[in-house]
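Below: one structure, written as structure tokens.
What follows is calculated from the coordinates using simple rules that are stated; it is not laboratory data. Keep in mind the model is a prediction, meaning the values are calculated, not measured. As a convention, Cβ positions derive from the backbone with ideal geometry for all residues, glycine included, and neighbour counts pool all protein chains shown.
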Amino acid sequence: MDSKFATRIENSQDYKAIVADLARLRSDMTRLANHLASGSVSAANAAQTQLTAEANRLMAAANTAGRSTAKSVEAQLGAHPARTVLLAFALGFISSRLLSR
């Protein structure tokens, strides 16, 4: 390329407009990348909050169900104390036989 031709191109309005457009494009791409990154972090935080709330709800439901079951078992065992003692003895005897092997 001739140096006069290159100088003429560099001084042309079209060349300057293209350089300015590329600079704006670079700036826009940087802003877009930053926006996408912050959006991803925001979405991750929202998902974490939602999962934590759901886990807490499930834990509360499991706790309630466990307490209900424990009360039911306690009521059944209290209603038949002799059967409860016999069952406990049988389970202990079977366990001791299995563990002694």
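Values computed for the structure shown
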read-out: MRE, 222 nm, helices only [DSSP H, n ≥ 4, -39500 (n - 2.57), over the chain, to nearest 500]; value: -33500 deg cm²/dmol
read-out: Calculated from backbone phi, Karplus (6.51, -1.76, 1.60) coupling profile of region 38-44 in Hz, x at Gly/Pro; value: 5, x, 5, 5, 5, 5, 5
read-out: Sum of side-chain charges, Leu32 neighbourhood, beta-carbon under 13 Å (Lys, Arg +1; Asp, Glu -1); value: +2
